[in-house]
Each structure stands twice: as structure tokens, then as C-alpha cells.
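Data first, discussion second: the structure below is written as C-alpha cells.
The values are calculated or read from the model by the stated rules, or taken from the named source; none is laboratory data. Owing to the predicted nature of the structure, the values given are computational and were not obtained by experimental measurement. Cβ placement follows ideal geometry from the backbone for every residue including glycine, while neighbour counts extend to all protein chains displayed. Remember, those area values only see protein heavy atoms, side chains included, never the ligands or the DNA or RNA. Shrake-Rupley method; radii C 1.70, N 1.55, O 1.52, S 1.80 Å.
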Amino acid sequence: MGFTRRDLLTFTGGSAAGLMFTPVPWSLLRDTAVLSENWPGVPQPLHGEIRTRYSTCTLCPAGCGVRARCVGDRPVSLAGVSGHPASRGVLCPAGLVGHHLAFCRDRAAEPLANGRPVAIERALAGVSAAIAACGARESVAILDPRPGRAASLVYRRFLAGLPSGVHCAPPNAEPYGAFGIDLENTRAILSFGAPVLDGWLSPGRVLANRSHFQLIQVEPAYSRTASLADLWVPVLPGSEDGFAAAVARALEGETSDTHATEVARILLRNKPAIAVGGGAAVATLNAKLGSVGRPGGFLPRRDFTPVTGIASVPDRSIGVLLIEETAGGEPLPWDLLRRKLIPQDSVVVALTPWLDGCARHADYVIPAPMYLESLDEAPTPAGSTVAGFSLSPALLTAPPKLTPPAEFVLRLAHDSATYPDILKQRVAAIKKDGRGTVFTYPDAKSARVRDIPDLWKAMLGGAVWLDEPLHSGTVRGADLQVCAGPPGPALPPTPEYPLLLIAADNPPPHGSPLMSKLYRESGLRRPANAATVHPKTGRDQGLEDGARAIVTSPSGKFPVQVIFDAAVMPGAIEVVGQAISPASIRRA
Amino acid sequence: MTAITPKPARYGMAIDLDRCTGCGACMIACAVENNVPPARPEATPRTGITWMRVYQISNGASFPDTRAAFIPILCQQCGKDTPCAAVCPQEAVETDPATGIVDQMPQRCLGCRYCMAACPYHARYFNWWDPQWPAGMEKTLNPDVATRMRGVVEKCNFCHGRLHTARARAAAEGRRELHPGEYVPACVEACPAAAIVFGDLDDPASEVARLARDGQSFRLLEKLGTEPKIYYRTARPWVRQAAAQQRPASEPPERRLRAGLPAPQGSGQKEPAHA
């Protein structure tokens, strides 16, 4: 009996079918799938020597130390520097992805004049001509987001040479003025709306000391800080100053307000205590608590130079306004700035890494380097009780056509110095004074300034200089500026505006696309267009959960998406980053 | 790489919910470490990838009695009858006996998503799209972790790449044991509140073992008997009760929206409005 063609087909077919019942094809499938990792189009990480480089974060005033894990020279992840006096080894979410900012789509890439690309020389000539055309009554102002830097000195020198130069700062740029907060020795914090556990001062320093102090949060919204405070006192929007005054009276046993009495009892039991946020009544409360100029309270430091707040600049007085925006800063309130400009005859120059924010309103846009793209500086960390300074060396290669804001002003002043020259002068002055200590990031050690032979080199390698404490001198309670709180009392609701608009949260900072994605998918941060209301309030206004609506207040109207949440105060509308104001909401 | 056999361990975490501020630094550090790409605009909370996701939970009361807490959810690293491993037809899920880490091997994964259906913690994510980064940003990827392609499932693996690096360093120094703190996942390192403690649960001297034995510690869905290696801690009874229960399908939509949670299957509720 021969082997026929039919036998061959039967054998082949049977073998193929039988093979499917063995592990062989499945193992082959499994083990060859590894090749799919290298299919074209699948992004491949760079490989190379792993190095560690150091810098200092300039995204906010916290001044955190940054340890960058790099492949070659390119950072692939950022982390905190262990033992750093301000950040205590941690970075905030925005700082963790700071190296992604350079890849954001809405960054400014070339100089613009009235929205059209121009050469930097032409932009410089245009701005110079506008400044030269300013009369004696028209001022030239520079809005400096972080006064106290070497760049600020450049701005002041330039403005001093003009007939009417104004160096000004945004609201709350220097919330505690010449004072720092001795968090390490504080035993109680009474916060009037300050986001103590949500990015306040240097978050690492605050959280490292959290177990040492009682936290009382006085705020109409149930914020993140309120949710983790030892006591949350919900108050009506705009009544914070009144409550502060009641607590001040309760400290002397002069009030019948039960909440204020309870708060006063906690403060007296946990001394030293401080009050933060709020207005004039909070400053008075601090004076009564004896928290000014004493350990555990507000301590003065050396480096403070007063700057005019933009709100104090007369309306319709600025002919040329140069606005510096930082990479991680919140957009400045344009309505406030617009009031200060001479109508229809003013020139606005945005020195910014972003195309949104003030750049949308500017006649000239001068693109600034993004965070980590050029040598920068971090002044005294927010809330520090001693003066400080650190350099923020570049870790990324900057694209062409970018000009650091201080460099642009130096060129306007026809000064041949460069921004790095100015930074070198600052470091040389620290070395010459010989005061204080330097904490170096690579070895996490402190040394006296006079013991470091090449301070500039040490600073470029990652270091922060800290001045000696200044605990001498006369300090009065009235010296303390405490303006970082909610604005004054809101107008009462009216038939036209039956509700109250309150701030739900800080506006999200400019962030990496990765951060935006994670917050969006987790719902952890409310989007800027969300209006959260109590379900009863929403239904009373004829709204449904998820509806599109228009919020109207005396200062304007804006579209929102409604979210019902029983945690919101009835009669209030919580919107990210809004000031307290009467308002109405209706379906779009 | 090394001829030295590492000492066995059973890695786990203790997460203090009374310290968690809900900042999301853990989520972000995790995504950077593990090369999770920015999502497509059409991604939703269900289809996006977040190996670690922080939820906001509430006591359900109305203002001013409302109370909230944040709870980070990641793969719970089940130690017994691991549901995802039991259903995987491709052996793409394995528990490493030397570490207790439940590993996902995307190279083996066929994308059937049985594991996602089996996971009681919803801690697994499917790649609905090819990974894409904005131009130039792919140069910031972590060289120790491969990117995953469309069609596979992925999840937290306690930053396995970091374990390999720490082991290699120990082996180079002739050590069999890792020093405490020598290997920590990215989320642990990034947490600014130090709310996450990581270590060997079998080492009675370790901080994580001490916290796991603490009377304030509990695990999610303990009644399932899967022996998770993630312990949560809180002194607030309502947080403990909320975390111990399955999320009820009748929960008000506004609460789900606040928590960023998807609506229950078949309820007809929409995705979060801001997703």
C-alpha cells in the first residue's frame, strides 16, 4: 500500500490541527510578540551614559532644589534634592515635569510685533521709540513677577534713568514683605484662605513641619487645605476680616462667638501661633498673638526692597508697559493691567515664554527662554526667614530667537553687560560680604561662604546661599504686611446677582501635557471652566448637572460647565481662580 | 548581569490617607518613570492610562458637614489567588516569587482584557492608541522602561526597572541584600507629604511592616481574600468605611463627578463633564 496524495493531505491537515492543541504555536506567538516593541512608529527612549545634574526650580517662588537624571546631557526625570533647606527633598507636581515645558505647543518662539514675526533688532527699535515718545506724564513701567532678583536690579537701574519709570509687582508678589515665617517653631497656624497644604510657600518645608503645628482653616470653600486641617471654620465669603477681629477679641475673653472662642482657645494652647492670609484685621491679630519678631512667628530678613504694587499705580498713567511672565506663573489679571494704561496710546511689551496670557494683548512679544533653557536665578525662597540666592543652570538647549527678559532690558538701556554678567556680580557680592552658608546639592552639605574658594562654580554645580539670621532690630506688628488673602468684603447679593462667586482653587499653572492629561483623567483638579454649585442652588437656578451655563458678575460674563457638588456652600458658585463677587448663573 | 541570588522579599506599601494632600505628584512621577504618554484628546477617565490614580472620596454629607479624603489607587499586588494572573491565557501576568511583585509583560499580552475584567480594583489599563509624545518630548523618555504599543494592557509593577538597577548596584558591590531605601518606586520618592512608605513586608524591622501591623491599617476589599500588599492607614472611621465598601451603583452622579469616577455600567450616566 503506497503513500497517496490523499494520505499526504490528511497527514498535513491532521498535523496542523493537532499542533493547535500543543503549546508550540502559542509559545511562538508569545515569544515573537516581543519584536512588536521595536515596530516602526513606537517611540524609543534615548540610551547613553546616565548622569546627575543639578539646578534650582524657578517655576514659582519656592526655590526648590532640582536633581535631574540625564541621559548624556538631556534630563529624563527631575526630583528633589535631599536636605535642601527650602524643598526638603521634594518637588511639586509641576516641578516634576518642568523639563517637559519646552515641548508645549503654545510657547512663544520668535519676536512678534502686532502678531507678525519681526527681527529682535526691529522689536528693540520699536520699543525704544515708544519709550522715547513718552512724555513726562506718561510713565514707563516694568511689571516684575519676582522682585528681589538680580534681574529686578537691572529693571530698577533702567527705570531710574527715565523721567517717569515705575518698577511694580503683581498683587501678592511679596505677601509677607520683609518677613519670613519660622515654620519650624510654629505650633499653630490660623489660615484665612491661604492654601497652606496646597502649594503655599515652599511645599516641602510646610509638609515636613506639618506634624508640629495645629492648622485652623477659615474659608467659605471646602478646599484641599480645609479637608486636611485640624479645624475648618466655614465663613461667609468676605467675612474673614470680621472673624479675625472676633478671634482677636476672644483672645482677651471679649466675644460670645463660639467659633472664635474655640479658635482662640486652640491658639492660646499652642503657642507660638500665627495668622496668615486675610487683610488688616489679620495683621492686628498677629500683633495680639505676639507673633511678629519672635521665634515661631514672623521674623525679619535682610534682603527686602519695597516695590510698588500694580494696584497702587494710578489708572491711565502708563504709556509703555513691559510685562515679564515666568514659565510657571499664573496668567496676570489683564483687566487690572488694562486700567493702568493710557487708552489707545499705550504700548504693551510681553517678555514671556508663552503665547497665551499677556502675549494676547501685547503689541510686542519678546520670547523668553523656557524653564531650564537658560541660566536663571532663584531669589530668597518664599517664606524663608533668611535671605537666599541660587542659580538655575540650564539643562536643556534653547532654540534660537529667545531673549531673557533682563537681557532685553539691558539692551534697551544700551548696557553692554549680559544677564550672566549681572548674576556673576550678584555672586561676587555674596562672596565679598562673606556672610552666611552655602548648601551644595551634590553632597548635601553646608559650608561657610568664606570657606568656598570658587563660589560661582559651586553655584553653577547646584547650591543655595543662605544669609545669617537677622533677629536684631526693632520690629513692630504694624510693619507686617499681610496681604495674601481674600480681598475685602464682597458686595451683598442683589436681585440681579443673587449668588456669590468664590474661588474654588488656584488656577492650574502652565504644565506639561502629561500633567494636564493626568489631572484631566483623574478629575483631581477642576478645569478652569467648571462652575461647582450645591445641587439645591443649581436646581433653584434651573440648571442640571453637566449643563453649559453663563456666569455673570459686575466685572463681566464667562461660559462655564456646571458641576453639582453638595460640598459647596449653598448660594455660592465656586469657579477656579475667581475673586469674590456677587454673580448670577443661567443656562447657556 | 549577576551570579548573586538576591535575598527574597515581599514588597508592599503603606499609604497614610491622613497625610495625602491629593496633589497628584505620585501620579505624575509614576507616568514620567514609566513612559506613560500624554493622552489623545478623545481619551476619557476610562480609556486613559494612569498606573496610579488619586481619587477624591467624600462622606456624602452636605455643606458644612461634608468631609473629603484622597485615596491613591494602584495595582494592589495581590498575594493570593491573584485574579488577573488566574485568567490570563497568555501567561502575561506572573508573580515574582523573589519579590512578590505581580508583573505584567506587555510583550506577551494579546489584549483580550480578561485581566481588566477580573481585577477588583480597576487598576489595569488598556492601550487604546499608539503611544505618542509631542515633537521632541520622546527624548525625555526613561531609558530603563520600554514604551508599550497599542493593544496591550499595563499596570503598576512597583517600578521594576528601579529594582533591577538597585540589584545591579548591590551585585556590583558583592551584596545579596538591598539596603533599606535603596529601591523605592517613583511615587514613594515623589510624595511631598511622605504619605507612602515602601519596603519588605516580611522584614519585621521594616517601617512598612510595622505600619501594616498597626491598628489603623486596612486593605481594600479584604473580604475577597486576595491578600493585597498595599495597606492604607487612617484615623478617620468614615474613610475606612468608605474604602472597605464596593462603590454603590446608586451613588449620586455629583459625587462620582467629584471623584472623577466613571458612571456604572448600564446606568446611562455620562462621563465626567470635564473629561
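Could you check how many residues of region A:569-578 are under 25 Å from the mean Cα position of the chain (by Cα) and in a loop (DSSP other than H, G, I, E, B)?
The number of residues fulfilling the criteria is 3.
May I ask you to say which residue of A:Cys70, A:Cys92 is under 15 Å from A:Leu201 (Cβ atoms) and not assigned by TED's automatic domain parsing to the domain that holds A:Ala359?
Going through A:Cys70, A:Cys92 in turn, the sole match is A:Cys92.
Tally the residues that are in contact with a strand residue (DSSP E or B) (Cβ under 9 Å, 6 or more places away or on another chain) and in a helix (DSSP H, G or I), restricting the search to region A:320-337.
2
The rows are residues; the columns are (1) within 17 Å of B:Pro228 (Cβ to Cβ); (2) open to solvent by less than 40 Å² (accessible area, probe 1.4 Å); (3) facing another protein chain (nearest Cβ under 9 Å).
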{"site": "B:Thr44", "(1), (2), (3)": "no, yes, yes"}
{"site": "B:Thr47", "(1), (2), (3)": "no, yes, yes"}
{"site": "B:Trp51", "(1), (2), (3)": "yes, yes, no"}
{"site": "B:Tyr55", "(1), (2), (3)": "yes, yes, yes"}
{"site": "B:Ala61", "(1), (2), (3)": "no, yes, yes"}
{"site": "B:Asp65", "(1), (2), (3)": "no, no, no"}
{"site": "B:Ile73", "(1), (2), (3)": "yes, yes, no"}
{"site": "B:Cys84", "(1), (2), (3)": "yes, yes, no"}
{"site": "B:Thr99", "(1), (2), (3)": "yes, yes, no"}
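Given (1) more than 30 Å from B:Ala195 (Cα to Cα); (2) touching a residue at least 60 places away in the same chain (Cβ under 8 Å); (3) not charged (D, E, K, R), where does A:Gly193 come up short, assuming only one miss?
Condition not satisfied by A:Gly193: (1).
Exactly one of (1) at pLDDT 95 or above; (2) touching a helix residue (DSSP H, G or I) at 6+ places or on another chain (Cβ under 8 Å) is unmet by B:Cys20. Its number?
The one condition B:Cys20 does not meet is (2).
Which members of region B:19-34 meet the condition of being touching a Ser or Thr at 6+ places or on another chain (Cβ under 9 Å) and facing chain A (nearest Cβ under 7 Å)?
B:Thr21, B:Gly22, B:Gly24, B:Met27, B:Ile28, B:Ala29, B:Ala31, B:Val32, B:Glu33
For region A:349-366, check the following and say yes or no: at least one residue is crowded, with 20+ Cβ neighbours inside 10 Å, at pLDDT 90 or above and in a loop (DSSP other than H, G, I, E, B).
Within region A:349-366, one or more residues are crowded, with 20+ Cβ neighbours inside 10 Å, at pLDDT 90 or above and in a loop (DSSP other than H, G, I, E, B).
Residues of region A:201-230 being crowded, with 24+ Cβ neighbours inside 10 Å and free of Cβ contacts under 8 Å to residues at least 12 places away in the same chain, which ones?
Answer for region A:201-230, where residues must be crowded, with 24+ Cβ neighbours inside 10 Å and free of Cβ contacts under 8 Å to residues at least 12 places away in the same chain: just A:Ala226.
Among (1) over 23 Å from A:Ser512 (Cα atoms); (2) more than 8 Å from chain B (Cβ to nearest Cβ), there is one condition A:Gly95 misses while meeting the rest; what is its number?
Single failed check for A:Gly95: (1).
Could you check A:Gln44 against (1) under 30 Å from A:Glu174 (Cα atoms); (2) touching a helix residue (DSSP H, G or I) at 6+ places or on another chain (Cβ under 8 Å) and say which number it fails?
Tallying (1) under 30 Å from A:Glu174 (Cα atoms); (2) touching a helix residue (DSSP H, G or I) at 6+ places or on another chain (Cβ under 8 Å), A:Gln44 fails exactly one: (1).
Under 6 Å by Cβ, and 6 or more places apart or on different chains, what pairs join a residue from region A:7-22 that is surrounded by 10 or more Cβ atoms within 10 Å (Cβ to Cβ) with one that is at pLDDT 95 or above and among the basic types (Lys, Arg)?
Filtered contacts from region A:7-22: no entries.
Check A:Asn270 against each of (1) among the polar types (S, T, N, Q); (2) open to solvent by less than 10 Å² (accessible area, probe 1.4 Å); (3) modelled with pLDDT of 95 or more and name the one condition it does not meet.
(2) is the only condition that A:Asn270 fails.
Could you please find all residues in region A:242-280 being of a type in the set (Gly, Ala, Ser) and touching a residue at least 24 places away in the same chain (Cβ under 8 Å)?
Hits for region A:242-280 are A:Gly242, A:Ala244, A:Ala245, A:Ala248, A:Ala273, A:Ala275, A:Gly277, A:Gly278, A:Gly279, A:Ala280.
For region A:126-148, enumerate the residues that are in a loop (DSSP other than H, G, I, E, B) and either open to solvent by less than 20 Å² (accessible area, probe 1.4 Å) or closer than 13 Å to A:Ser346 by Cα (or both).
The answer is A:Ala133, A:Cys134, A:Gly135, A:Arg137, A:Glu138, A:Asp144, A:Pro147.
In region A:241-260, which residues are within 23 Å of B:Phe63 (Cβ to Cβ) and open to solvent by 10 Å² or more (accessible area, probe 1.4 Å)?
Matches in region A:241-260: A:Asp241, A:Gly242, A:Phe243, A:Asp257, A:Thr258, A:His259.
Out of the residues in region B:108-153 that are farther than 16 Å from B:Cys30 by Cβ and among the aromatic types (Phe, Trp, Tyr), which is nearest to the other protein chains (Cβ to nearest Cβ)?
B:Trp133
Taking A:Ala132, is it aliphatic (A, V, I, L, M) and more than 20 Å from A:Glu324 (Cβ to Cβ)?
Yes.
Tell me which residues, restricted to region A:569-588, are open to solvent by 40 Å² or more (accessible area, probe 1.4 Å) and aliphatic (A, V, I, L, M).
Passing the criteria: A:Ala579, A:Ala588.
Can you tell me which residue among A:Gly72, A:Gly63, A:Gly2 is surrounded by 14 or more Cβ atoms within 10 Å (Cβ to Cβ) and over 28 Å from B:Trp129 (Cβ atoms)?
A:Gly63
List the helices (runs of 4 or more DSSP H) that sit entirely inside region B:157-251 and contain at least 1 residues that are of a type in the set (A, V, I, L, M) and within 30 Å of A:Ala229 (Cα to Cα).
It comes to B:186-190, B:207-213, B:237-244.
Can you find even one residue in region A:79-91 that is within 12 Å of chain B (Cβ to nearest Cβ), without any contact (Cβ under 8 Å) to a residue 40 or more places away in the chain, more than 27 Å from A:Met370 (Cα to Cα) and not acidic (Asp, Glu)?
No, every residue in region A:79-91 fails to be within 12 Å of chain B (Cβ to nearest Cβ), without any contact (Cβ under 8 Å) to a residue 40 or more places away in the chain, more than 27 Å from A:Met370 (Cα to Cα) and not acidic (Asp, Glu).
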